[in-house]
Amino acid sequence: MTRILRLFLGLAIAVTTARAAVLAQETRSSTLLTTEHYLDWERASDAQISPDGTRIVYTRQHVNTIEDKWESEIWILNADGAQHRFFVKGSAARWSSDGKRVMYVADGEPKGAQIFVRWVDIDGPATQVTHVAEAPRGAKWSPDGQSIAFSMFVPEPAKWSISMPSEPTGAKWTAPPRIIDTLHFRQDQVGFIEDGAMRIFVVPAAGGTARELTPSKLNAGAGELRGAASLDWTPDSKAIVFNGNRAQDADLKYESSQLYVVDVATGAMRDLVTKPGEWARPVVSPDGRTVAFSGHAPTAHTYTVSDLFVIPLTGGAGDMRKISGDFDRDPINIRWAPDGTGLYFDADSAGARNVQFASIVGGVKPVTTGRHMLSFDSVSKDLVAAGISADLDHPQDVVKFSLKTPGPVNNVNNVNNVNNVTRLTDVNGDVLQGKQLAKSEEVTYTSSGNAKVMGWIIKPPSFDASKKYPLILEIHGGPFGNYNVAFNYMFQNFAANGFVVLVTNPRGSTGYGSEFINGIDHNYPGPDYDDLMAGVDTVVGKGSIDTSRMYVSGCSGGGVLSSWVIGHTDRFAAAAVRCPVIDWLSMAGHTDIPLFTYSFFQKPFWEDPSDWLAHSSLMSVGKVTTPTLLMTGVLDRRTPMPQTEEYYAALKVKGVPVKLLEFNDEYHGTGSKPSNYIRTQLYMMSWFSQWTRAASGRVTTAALQ
């Protein structure tokens, strides 16, 4: 007890000293991108070109500073960029096949998100098509324009009859307990949910009653349909193909995502792909004979790259055929060529995103190239595509590009112009006018096991190689995700405040193939730590980093690794660990993705907890000397607050300078609310500015310099 008391007394002194430090505050600037400018920032997404290729609608978001949220609007413009204007409030716009109507999602009655339809060239209000209790997702027009299909969560509360005595008249008895017997969570609720799953619905495009098409029980002996996700119509508008989870039991055994076909008129449903695996994103060919989809067979890996397959609409497992060859990247937006000769899709590769074409006879070839993030959102009948493009120097904007013969590289409108990619909007041009932006350098370096790792060094606008700068190592989440060449406000803002920022794609990152991803298979954290440290060594080796002012941060998977880093090295002067997992044992019982957590380990913890403990940052907390700022949303169900609180308590007991920030109204992450995004930036920079680490390893506060 005496030793613990000394620890707390020592900690109190350290905290008092930190509070006395002069905290760096961001200075307003008309030439640098500060957090204040974030309130004027806008976001463009989901560009949808009309079937005849003449107009584009897209989702445009701006900050509502009064209600502290992002407002979504749909804007419309001609395909040449002219007549750019507001269309309607909402998001997820989709053209009808005749190009005369636009379907979208907006708040409606009785509450929450609803589907609306608006005629484009006819004055008058939009029609609210649905009046449902849960949010509709993935809505698609039928080819004949008469109906709209969508998926929606349907609760199915478990029933348990007990012989309770009758309540007296006027009594106010406590409500009965919620009955839980699944492992399913929902991010918008606290705790487990009652039984329920996603189902497929269809509603008349002119409005009416939404009708459920998918049953909860499959054919005799075929198990239970636990969910229905992505869907597509057959060209005759008579049937819908969709993927859904099939489960035989409620334990931790493998759940297979398979493909089904449901008849719209009768609701009769049949299997399309029953081979065990993860099959998703079905799209029906223009002639209605073939279904393309992505996925993979069951593997022992935590993550498996998806391939592209085709199968006749009539079914038959023997006729299922892979067409993506040795293309080792995940296909994202999949669409048939109008002549049915193959499929276009976009895919991430080496920190960029481009469009590819997979021939129906097999093999993939690039359609676009370039160091940009180019999304393939939609395509017209004459193969003019619309999407969103961003690169290190330009934020997201609407672009159009041809899927036909590649055009010349002419850099029109400051776009990496391959295949005639033309930028049509400049939604943040007013904010960036006169701003000096960060300078970015792409690097590739060698880590342990001779692994080749890609990263980016973001430098202050006035960077001078002869000077020394503080460094922030920012780690991406996932862990199966990636950083890329898209414009990033966070990095730009750090650089505007004088920090050099290093971001890398360590092993486990997507876009580099199966072998690279599986470098952390059942070993996370693992060699990804080596990759991060090798990246720091690389940037330090360039000679412009003040090694007494190096900092590490990250959220989610980045929170896992940033907490792991400070338990395995003392080279960083301070850390900002955001929404972390630090204890895999307790994580398995708290998170909304428990099965994903179990997949990281060869055995469940009741058989052998050693691996679970060995990969938990909490077990290395005894080695931590790095002052740590912890930040997590109070509503987080992905990496719940108890994870952060466990780590906070351990650091407190050990006497490490630590602060815990619990962000109000935030689920996973700390920046969905505009004000919280700004707070996250400012708290991190303020915390980092307090601490330096001498060559001796001693950490001191700025007040003592």
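Every number here is computed from the coordinates shown, using simple stated rules; none is lab data. None of the values given here were measured: they were computed from a predicted structure. So basically every Cβ, Gly included, is an ideal-geometry build from the backbone, and we count neighbours across all protein chains shown.
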Viscosity 1.567 mPa s, 4 °C: Kirkwood-radius Stokes-Einstein D of the stretch 556-675 over Cα pairs, µm²/s: 90 µm²/s
Where trypsin sites (Lys or Arg not before Pro) fall in DSSP loop in the stretch 451-552, at most 15 other Cβ within 10 Å: Lys467, Lys468, Lys542
Sites Phe596 and Trp173 - FRET efficiency at Förster radius 45 Å, r taken between beta-carbons, to 0.05: 0.70
Two-decimal ratio, the stretch 604-693, of alpha-carbon radius of gyration to 2.2 N^0.38 Å: 1.23
Over 31 Å (Cα to Cα) - which of Lys439/Lys654; Lys111/Lys381; Lys140/Lys322; Lys452/Lys623; Lys69/Lys140; Lys468/Lys623 fall in this group: Lys439/Lys654; Lys111/Lys381
Relative contact order [Cα under 8 Å, 6+ residues apart], the chain, whole percent: 11 percent
Ordering of 563-576, 148-161 by burial proxy (mean other Cβ atoms within 10 Å per residue, highest first): 563-576, 148-161
Value of D in µm² per second that Stokes-Einstein yields for the stretch 439-704, Kirkwood Rh from Cα pairs, at 4 °C (1.567 mPa s): 70 µm²/s
Distance in nm between pseudo-label sites at Asp339 and Asp464 (7 Å out along the Cβ direction from Cα): 6.1 nm
Normalised alpha carbon radius of gyration of the stretch 375-527 [divisor 2.2 N^0.38 Å]: 1.22
Computed label-point distance, nm, for sites Asp430 and Ser161 using a 7 Å Cα→Cβ extension: 6.4 nm
Equivalent ellipsoid dimensions for the stretch 485-546 as semi-axes, Å, which come from the Cα gyration tensor, largest first: 26, 15, 9
Most to least packed among 524-536, 199-211 [average Cβ atoms within 10 Å]: 524-536, 199-211
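Please tell me the relative contact order of the stretch 619-705 in percent, rounded to the nearest whole number, where contacts are Cα pairs under 8 Å and at least six residues apart.
27 percent
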Directionally averaged shadow of the chain, computed from the convex hull of its alpha-carbon atoms, nm²: 36.0 nm²
Rg and Dmax of the stretch 49-131, Cα atoms only, in Å: 13.3, 40
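Using the alpha carbons of the stretch 29-90, what is the convex hull volume per residue in cubic angstrom, as a whole number?
111 Å³
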Length gained when the stretch Asp40-Phe605 is fully extended (0.36 nm per residue, less Cα-Cα span): 198.6 nm
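If you take every DSSP beta bridge whose two residues both sit in the stretch 600-705, what share of them, in percent to the nearest 5, is antiparallel? Can you show the working numbers first?
Numbers: 3 of 9 bridges.
The antiparallel fraction comes to roughly 35 percent.
Where in the chain are the helices, taken as whole DSSP H runs, whose Cα atoms extend 24 angstrom or more along the long axis and whose Kyte-Doolittle mean reaches at least 0.5? Write down the numbers at each step before the final one.
On the way: long enough: 2-20 (27 Å, 1.18).
Those that clear 24 Å and a mean of 0.5 are 2-20.
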Listed residue (Val261, Ala93, Val536) projecting farthest to the positive dipole end of the chain, Cβ model: Val536
For the stretch 324-386, convex hull of alpha carbons as volume per residue, Å³: 72 Å³
Calculated diffusion of the stretch 567-606, Stokes-Einstein form, Kirkwood radius summed over Cα pairs, 25 °C and 0.890 mPa s, µm²/s: 200 µm²/s
Full-extension gain in nm, Asp665 to Ser514, via 0.36 nm per residue minus C-alpha separation: 50.7 nm
Computed FRET value (nearest 0.05) for Thr127 with His62, which takes r as the C-beta separation and R₀ as 35 Å: 0.85
